[in-house]
1. What does the C-alpha gyration tensor say about the overall shape of the stretch 277-337? Classify as rounded when a/c is under 1.5, otherwise prolate if a/b is larger than b/c, or oblate.
2. From the convex hull of the Cα coordinates of the stretch 3-65, what is the mean projected area in square nanometres?
3. Note down the nm distance, to one decimal, between modelled labels 7 Å out along Cα→Cβ at HIS244 and at GLU22.
4. Taking the Cα centre of each part, how many Å lie between the stretch 109-182 and the stretch 294-314?
5. Within the P(r) computed for the stretch 310-359, what percentage of the Cα pairs occupies the region above 12 Å?
6. What is the calculated FRET efficiency for GLU343 to THR110, with r their C-beta to C-beta distance and R₀ = 30 Å, to the nearest 0.05?
7. I need the P(r) histogram for the chain: all alpha carbon pairs, bin width 20 Å from 0 out to the longest distance, whole percents.
8. Lysine pairs in the chain with alpha-carbon atoms under 13 Å apart, 8 or more places apart or on different chains: how many are there?
Amino acid sequence: MDAKTLGGRIKQAREDLDITQEHLANRAGIDRTAVLRIEKGERKVSAVELVSLAEVLATPLAWFVRDPLPMVVSRRSDASPAHEVTALMDRHLELLAGDVAGLLESGVITAVPDRPQWRTPQSHPEAEATASQVRAHLGVGVDPVLGLPEIAERLGLYSCSLGLGEGGADGAMVEVSSNAAVAVIDGDTRIGRRRMSLAHELGHWLFGDPFDSVASDAERMINSFAAHFLAPRAGVNGLWLKHHNDVVRDKAIRVAATFRMSWSAVIFHLRNLNLINEDEYRHLEGRNPKTGEFAKLGLTLDTDELGPPSLSPVLTAAIVAAYIDRRMTAGRAVELLRGALVEDDLPDRREESAEDFASL
């Protein structure tokens, strides 16, 4: 990357954080005039300086030294206000897209051979019908969809969950190739919200929207699809009838725990399924259940799924296998795994062979 492009990226990251050149210079231990010249592309940056700047700007080092990916640039221009993404998530999305593109090109991972695709639902009944079709395609019936990241991979969507702090977007997605896409999920949200975010991004992928660029009304339909995909009518009705003697709140809590959905998504879904009325919805709205309420009903919450930092399982396994097979260094493997594993966690590599030396 040339000095001008690198300087532009440093300036962009600084402005995204709304800090001055002087503040950046002081924090990074660099003269302010040097920062000014760096951002203009008039001065090169040493490796030590770049590490310091990346740390101050809370941005992965790799983002500064990679050329912008065409599909991510397209995403930035096409994304709608209804799917606004923070600068930090956008950078992580670009890095993940570049990593997956490289892994596909090198043969470490293989794209799904036949990407299934549906049209964006135009109504809630169509969203429900589409969710049923996707479940039938996957062969998962009406049971809770557990291990959602692996399910998404089967449809060509690789994902990662990172702690991105509060106040940002819940998730973002971009197409990498005709049969592969990536999604970044904010792992600092609760498990139900994380799962809903990934199901929503999966909807964008399945409906042929490579840049999260649909309008706000379509966003609502994709949310409806995500809810029906995670909690199909038959499964929810069965659970509701099984515990018909429970009060409405306890039945709603059972649905949230069983299908691992956020409280807001659950009660909205229950209202759409006509299992609760408007008054019951308003009574439940904003009154998130406490941990003890789940315990009272004998329910255990599994909060590990999509916990940060994590990478979808097929992608993780492929990276570890490439390391074991000596196709990747430990440092590169750890970088790709985004902190989900450290070097000490990696398994032993296979013994070097004569072919390894010959390939050098």
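1. Values: a/c = 4.66, a/b = 3.29, b/c = 1.41.
Verdict is prolate for the stretch 277-337.
2. Numbers: hull surface 13.5 nm².
Average projection, Cα convex hull of the stretch 3-65: 3.4 nm².
3. 7.3
4. 19
5. Numbers: 753 of 1225 pairs.
When every Cα pair of the stretch 310-359 is considered, 61 percent fall beyond 12 Å.
6. Values: r = 26 Å, r/R0 = 0.88.
FRET efficiency, GLU343 to THR110: 0.70.
7. 27, 51, 21, 1
8. Details: LYS4/LYS40; LYS4/LYS44; LYS11/LYS40; LYS242/LYS251; LYS251/LYS296.
Close lysine pairs found across the chain: 5.
Read-outs: derived from the displayed coordinates by stated rules, not from any lab. None of these values were measured; they are calculated from a predicted model. Glycine gets a Cβ as well: all are built from the backbone with ideal geometry, and neighbour counts include every protein chain shown.
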